[in-house]
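Asker: My structure is below; once you've seen it, I'll send some questions.
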Amino acid sequence: MSEKETPLTEAFFYILLALRLPNHGYGVIQEVEKLTKGRVVLGAGTLYGALQTMQKRDWIRIYSQDTESRKKKEYIITDTGRSVFEAERNRLAELLDNAKLMEVEGDDQI
């Protein structure tokens, strides 16, 4: 994994998480809003730009496409995407573990 792939933006992180199961664009927006209790609301431009970038990087792929009506596409995370997500999860876990030092060392300073 290259340096430019980490850290993930918050939007990328949540989009990959939302695509652990097949989902379409509007479903991703709803899932992210639900997961973050409304704190993160993805706009259509942000979402579809991210989906294009992730497809180019082989982090996600089209799972199915409705050829009728509005040609709704469902996406799903790939093995590469899962590896990127796992690397980011490990990076975030390290940050949280190291942040605990503030609690321990901060108590001694008071």
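Asker: In region 37-52, what residues are exposed (fewer than 13 other Cβ atoms within 10 Å of the Cβ) and part of a loop (DSSP other than H, G, I, E, B)?
Answerer: Residues satisfying the conditions are 37, 38, 39, 41, 43.
Asker: In addition: For region 15-30, which positions are open to solvent by less than 40 Å² (accessible area, probe 1.4 Å) and either among the acidic types (Asp, Glu) or under 9 Å from the mean Cα position of the chain (by Cα) (or both)?
Answerer: Listed by number, the residues that qualify are 15, 16, 18, 19.
Asker: Select from region 65-96 the residues that are open to solvent by 90 Å² or more (accessible area, probe 1.4 Å) and among the acidic types (Asp, Glu) and write down the one among them that is modelled with the lowest pLDDT.
Answerer: 68
The values are calculated or read from the model by the stated rules, or taken from the named source; none is laboratory data. As the structure is a prediction and not an experimental result, all values here were calculated from the model. Quick reminder, even Gly has a Cβ in these numbers, built from the backbone with ideal geometry, and neighbours come from all protein chains shown. Heads up: the accessible areas ignore ligands, DNA and RNA and are worked out on the full protein's heavy atoms, side chains in. Shrake-Rupley method; radii C 1.70, N 1.55, O 1.52, S 1.80 Å.
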